[in-house]
Every structure is written in C-alpha cells, then in structure tokens.
Amino acid sequence: MQDLRLFPEMTQEEKDVAAWIETRHGAQQAISVGDLAQRTGLDERRVRQIVKHLIERHFLPIGSSVHPGGYYVITDDGERRRVRRALIRRALSILERAKVYDRGPWIHSLIGQLEMQLGETAQDGKQRR
C-alpha cells in the first residue's frame with residue numbers, strides 16, 4: 001500500500017484504520033472489523049464506512065474476505081479478481097432479493113443489463129490475459 005503521508009486529505013480516523021490494515025498483506029492475514037474497532041476506538045459500523053471510503057475515494061487496494069473474515073491489503077491480481085467476483089455476486093444477490101419486493105418489469109430488465117455488462121467485462125478480462 002502507499003505511504004499514508006501522501007494522503008494529507010485523509011482524516012485521522014482514515015489514517016488509523018488504513019495503518020492497521022496495512023499490517024495485513026493477503027487474505028490469510030485479514031484483520032476483523034471487531035479487531036479494527038477495538039484497536040481504533042471506533043464502532044464497527046464506522047470502521048466499515050471508513051474502509052468503503054478508503055477504497056472508493058482514496059483507491060487503496062483493500063480486500064475483504066469471509067474466511068478468515070476481515071480486511072487486508074490486496075497483494076496480487078488473483079486476490080483482486082476474487083474480491084471483484086465476490087462484490088459482483090453480492091450485488092446480483094441483492095438485486096434478486098429486490099425482485100421479491102417489486103414485481104415490476106424494470107428490476108428484471110436491470111438485472112439482465114447488469115448480467116450482460118458483467119459478462120462483457122468478464123470476456124474483456126479473459127482477452128487481456
């Protein structure tokens with residue numbers, strides 16, 4: 001990961017969370033949300049918000065895993081692809097659940113569009129290798 005001193009726009013909370021995650025390279029070394037909360041003095045919900053912000057706004061290569069559960073620094077392209085696939089599966093699952101709450105045709109169309117886009121993206125990734 002990059003030197004956190006290069007991110008003067010980061011809040012102290014962000015720097016604290018990022019510094020702990022920086023000590024964990026690879027999925028097998030993931031640090032749990034509970035451990036991050038305890039070490040930083042933040043609640044778990046705030047830790048999750050900060051990690052989301054670190055990824056989306058500061059583009060830090062932070063992955064998440066279920067076994068062991070937690071956050072870690074992505075160390076190679078395989079981990080990056082696994083994290084991406086997990087996020088896509090989660091997004092599709094949420095959209096499938098949304099179908100139950102809204103029987104309108106728009107959600108089916110949206111899911112179809114996403115699946116097509118994801119299929120195209122997957123094909124692009126295979127061609128680049």
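Determine whether the range 71-78 contains at least one residue that is modelled with pLDDT of 95 or more and in a helix (DSSP H, G or I).
Yes: one or more hits.
Is it true that some residue in the range 52-62 is in contact with a Phe, Trp or Tyr (Cβ under 8 Å, 6 or more places away or on another chain) and either over 16 Å from residue 87 (Cα atoms) or in contact (Cβ under 8 Å) with a residue 40 or more places away in the chain (or both)?
Scanning the range 52-62, I find at least one residue that is in contact with a Phe, Trp or Tyr (Cβ under 8 Å, 6 or more places away or on another chain) and either over 16 Å from residue 87 (Cα atoms) or in contact (Cβ under 8 Å) with a residue 40 or more places away in the chain (or both), so the answer is yes.
Could you tell me whether the range 118-127 includes any residue that is at pLDDT 95 or above and over 12 Å from the mean Cα position of the chain (by Cα)?
The answer is no, given that none of the residues of the range 118-127 is at pLDDT 95 or above and over 12 Å from the mean Cα position of the chain (by Cα).
Would it be correct to say that residue 66 is closer than 28 Å to residue 115 by Cα, surrounded by fewer than 17 Cβ atoms within 10 Å (Cβ to Cβ) and not assigned by TED's automatic domain parsing to the domain that holds residue 114?
So residue 66 passes the test.
Look at the range 62-114 and say how many of its residues are in contact with a strand residue (DSSP E or B) (Cβ under 9 Å, 6 or more places away or on another chain) and farther than 22 Å from residue 49 by Cα.
Of the residues in that region, 1 qualify.
Do we find a residue being part of a helix (DSSP H, G or I), surrounded by 14 or more Cβ atoms within 10 Å (Cβ to Cβ) and of a type in the set (Val, Ile, Thr) anywhere in the range 31-38?
Yes, because at least one residue in the range 31-38 is part of a helix (DSSP H, G or I), surrounded by 14 or more Cβ atoms within 10 Å (Cβ to Cβ) and of a type in the set (Val, Ile, Thr).
Please identify the pairs in which a residue from the range 89-101 that is assigned by TED's automatic domain parsing to the domain that holds residue 118 has its Cβ atom under 6 Å from the Cβ atom of a residue that is assigned to a helix (DSSP H, G or I), counting only partners at least 6 apart or on another chain.
95/111; 98/107; 99/107
Name every residue in the range 63-93 that is of a type in the set (Gly, Ala, Ser) and more than 21 Å from residue 18 (Cα to Cα), in order of residue number.
78, 86, 91, 93
Can you spot a residue in the range 56-63 that is under 15 Å from residue 14 (Cα atoms), modelled with pLDDT of 95 or more and aliphatic (A, V, I, L, M)?
yes
The values are calculated or read from the model by the stated rules, or taken from the named source; none is laboratory data. Because the structure is a prediction, the values reported are computed rather than measured. As a convention, Cβ positions derive from the backbone with ideal geometry for all residues, glycine included, and neighbour counts pool all protein chains shown.
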